[in-house]
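Asks: Here it is, the structure, as structure tokens.
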Amino acid sequence: MTTRIVLADPSDLVLRGLQSVLKDHETVEIVHITRSTDDLLEILEHLKTDVLLFNERLDPLLDVLELIEQIKQRSSVRIVVLGTVADGMLARDLFAVGVMGYLYLADDLTDCLIPAIRTVLKDRFYLSPTVNAEYLVVMQSARRDWQLDAEMRLVLRLLAQGCHMHDIAAQMKTSLRRVYWVREKLRGRFGVTTNEHLVSRAVLEGFTASDV
């Protein structure tokens, strides 16, 4: 049976690399290649697809969790994320919203790509080696139950927009103490001590836009 695959990445180099790895496998068919979020979402509504490989920074104006939510509204495709951060918490957060695999782009995709596709087709999770090691560490720690919920994502987004804590509290219609508590939780999640580092880390992992 042929596995139908869509590739979505803003980088021509990454796309060529993926195509090079996949081209010699007769059971794999690349049915669409795109560099655009709008095109990806439209295609997924109309094109039968088994596996989607997409870069977490496909759309710098959209956080990765929101993009995944939009994808899942349109298709039951199995999602494998391509990324530049080998972070176990990131993998855990992506798994929590329905992603089936995460490939760290610094790992050798020649070795990882086909095993990843075969694994997610069996509805099992797949992580490339470097991020898998980080994920195992996280899952043996107290952080394994940590949740990046809607409230925390909103605080992240407002911090990225340059809002002060009082402004965030006013916009969210909550107490200033609550906002500070959420911020401290976020700093712990991303392993930082300042707002600037928090925003930078969140952008790097695709949790907020990079140009706000």
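Asks: Which condition number in (1) free of Cβ contacts under 8 Å to residues at least 40 places away in the same chain; (2) loosely packed, with under 12 Cβ neighbours inside 10 Å is the one that Asp123 fails?
Replies: Unmet for Asp123, out of (1) free of Cβ contacts under 8 Å to residues at least 40 places away in the same chain; (2) loosely packed, with under 12 Cβ neighbours inside 10 Å: (1).
Asks: Just to be sure, is Ala202 among the aliphatic types (A, V, I, L, M), in a helix (DSSP H, G or I) and either over 21 Å from the mean Cα position of the chain (by Cα) or surrounded by fewer than 16 Cβ atoms within 10 Å (Cβ to Cβ) (or both)?
Replies: no
Asks: Here is a further query. Take segment 140-179 and flag every residue that is of a type in the set (Gly, Ala, Ser), loosely packed, with under 13 Cβ neighbours inside 10 Å and part of a helix (DSSP H, G or I).
Replies: Across segment 140-179, the qualifying residues are Ala142, Ala150.
Residue-wise test of (1) among the hydroxyl-bearing types (Ser, Thr, Tyr); (2) surrounded by fewer than 21 Cβ atoms within 10 Å (Cβ to Cβ); (3) closer than 15 Å to Leu121 by Cα; (4) touching a Lys or Arg at 6+ places or on another chain (Cβ under 8 Å).
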residue	(1), (2), (3), (4)
Asn55	no, no, no, no
Asp63	no, no, no, yes
Leu67	no, no, no, no
Ala96	no, yes, no, no
Leu105	no, yes, no, no
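Asks: If a residue must be over 13 Å from Val203 (Cα atoms) and charged (D, E, K, R), how many such residues does segment 39-73 contain?
Replies: Qualifying residue count for the region: 8.
Asks: Shifting gears a bit: What residue, among those in segment 126-139 that are among the hydrophobic types (A, V, I, L, M, F, W, C) and under 16 Å from the mean Cα position of the chain (by Cα), is surrounded by the most Cβ atoms within 10 Å (Cβ to Cβ)?
Replies: Leu127
Asks: Is it the case that some residue within segment 95-110 is over 18 Å from the mean Cα position of the chain (by Cα), over 23 Å from Arg187 (Cα atoms) and not hydrophobic (A, V, I, L, M, F, W, C)?
Replies: For segment 95-110, residues over 18 Å from the mean Cα position of the chain (by Cα), over 23 Å from Arg187 (Cα atoms) and not hydrophobic (A, V, I, L, M, F, W, C): present.
Asks: May I pose another question? Could you grab me the full set of residues in segment 116-139 that are closer than 20 Å to Asp9 by Cα and either assigned to a helix (DSSP H, G or I) or not assigned by TED's automatic domain parsing to the domain that holds Leu52 (or both)?
Replies: Ala116, Ile117, Val120, Val131
The values are calculated or read from the model by the stated rules, or taken from the named source; none is laboratory data. Just so we're clear, the structure is a prediction, and the values are computed from it rather than from any experiment. Cβ sites come from the backbone with ideal geometry, for glycine too, and all protein chains shown count toward neighbours.
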